[in-house]
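Reviewing the structure listed below.
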Amino acid sequence: MKKTFLITFLVYMGLTIFSCDNPKENGFSTTLNSNTVDSLELTSTAFFKMDTLKQVPSYIQPLIKGKVTRVFKVDFDGDGKLDFICQYKPVTNIDKADFLEDWITSDKRLFKRLKKYSMDFDFFWFVNLDKDPEPEIFTATGYEDGIDYAFYDQDLKTLQDNLLFYFNPIIIENSKHYWGYPWDITDLILKYDSQNIYLQSSVDNDIERDGNITIPDTTKQFPAIFFKGHSTQSDMKVEAIRNIKWSTLDELK
């Protein structure tokens with residue numbers, strides 16, 4: 001995929017909390033040919049609302065032991081109440097990390113603390129992809145020469161985020177497919193019925209990835225996962241995508 005345009009990224013960085021990747025250019029757009037199931041209902045908004053705060057609320061400030069760099073307000077545990085994610089430089093470097101990330105619940109309880117390391121791109125969204133209340137996490141992390149896009153499942157008991165799978169993000173716009181640069185993505189395309197939540201996806205595609213990315217199983221093709229959005233780089237179309245359908249999380253793992 002073609003290298004990320006850093007100038008474009010810097011323009012959009014101030015507007016979003018998203019990141020980018022390096023798609024390869026030698027492809028073409030394809031018309032959407034989805035096997036839509038009439039009984040499914042399209043979700044109006046899939047991503048959980050997540051606000052970036054200018055400062056830490058006074059009632060959780062005592063919990064943060066360092067200089068805060070970013071604060072997010074989002075319902076990360078799915079209980080319907082807004083929680084906080086605070087990134088900060090620790091007072092001492094005993095944690096051997098570039099910065100720490102505290103997840104603090106709406107009742108002012110430290111839920112978990114993560115050691116974090118500086119990367120060119122490290123952004124995330126919350127979206128519910130199954131029937132349990134806590135949302136899954138969609139991440140885009142890495143460096144200029146390669147970004148990993150992945151879904152993680154939260155385990156609220158062990159406090160571990162378990163990798164579900166890596167994928168290729170694709171924006172559908174005007175019935176054409178474009179590489180899903182995160183600053184261009186506005187939402188994930190989902191449908192649901194009384195039993196399941198379905199992602200629009202394809203495991204039959206000619207998308208090629210280059211750069212420094214994680215490929216856990218070279219025998220498997222990365223699924224293409226579809227998003228809403230507006231492509232600001234319309235020349236960055238993708239290779240052929242076939243057999244688009246609605247799939248559950250379990251079917252894509």
Residue hits (region 76-105; over 23 Å from A46 (Cβ atoms), open to solvent by 20 Å² or more (accessible area, probe 1.4 Å) and in a loop (DSSP other than H, G, I, E, B)) are V91, T92, N93, I94, D95, K96, D98
Determine whether S34 is small (G, A, S), modelled with pLDDT under 90 and loosely packed, with under 11 Cβ neighbours inside 10 Å. no
Tell me which residues, restricted to region 174-190, are over 13 Å from V127 (Cβ atoms) and crowded, with 16+ Cβ neighbours inside 10 Å. K176, H177, Y178, W179, G180, Y181, P182, W183, D184
In region 191-212, which residue that is open to solvent by less than 30 Å² (accessible area, probe 1.4 Å) and at pLDDT below 95 is farthest from A140 (Cα to Cα)? N205
Got at least one residue in region 140-157 being within 22 Å of L42 (Cβ to Cβ) and either modelled with pLDDT of 95 or more or in contact with a strand residue (DSSP E or B) (Cβ under 7 Å, 6 or more places away or on another chain) (or both)? yes
Taking P182 as meeting all but one of (1) without any contact (Cβ under 8 Å) to a residue 24 or more places away in the chain; (2) touching a Ser or Thr at 6+ places or on another chain (Cβ under 7 Å); (3) not hydrophobic (A, V, I, L, M, F, W, C); (4) not in a strand (DSSP E or B), write down the number of the exception. (1)
Kindly list, by first and then second residue, each pair from a residue in region 97-118 that is under 18 Å from G80 (Cα atoms) and of a type outside the set (D, E) to a residue that is part of a loop (DSSP other than H, G, I, E, B) and open to solvent by less than 10 Å² (accessible area, probe 1.4 Å), limited to pairs with Cβ atoms under 8 Å and residues at least 6 apart or on different chains. W103/F76; I104/I60; K108/I60; F111/F76; F111/T105
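So that you can scan it fast, the table gives a plain yes or no per residue for (1) of a type in the set (V, I, T); (2) modelled with pLDDT under 90:
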position: L63; (1), (2): no, no
position: K67; (1), (2): no, no
position: D79; (1), (2): no, no
position: Q87; (1), (2): no, no
position: P90; (1), (2): no, yes
position: I104; (1), (2): yes, no
position: K112; (1), (2): no, no
position: Y117; (1), (2): no, no
Here are some residues: L199, L163, L159. Which one is closer than 30 Å to D83 by Cα and in contact with a Lys or Arg (Cβ under 8 Å, 6 or more places away or on another chain)? L159
Condition check: at pLDDT 95 or above and surrounded by 13 or more Cβ atoms within 10 Å (Cβ to Cβ). Does F227 satisfy that? yes
Single residue of region 37-54 satisfying the filter (in a loop (DSSP other than H, G, I, E, B) and at pLDDT 90 or above) that is farthest from the chain's Cα centre (by Cα): K54
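The values are calculated or read from the model by the stated rules, or taken from the named source; none is laboratory data. Computed from a prediction, not measured in an experiment: that's the story for all the values here. Cβ sites come from the backbone with ideal geometry, for glycine too, and all protein chains shown count toward neighbours. Surface areas here come from the heavy atoms of the whole protein model, side chains and all, with no ligands, DNA or RNA. Shrake-Rupley method; radii C 1.70, N 1.55, O 1.52, S 1.80 Å.
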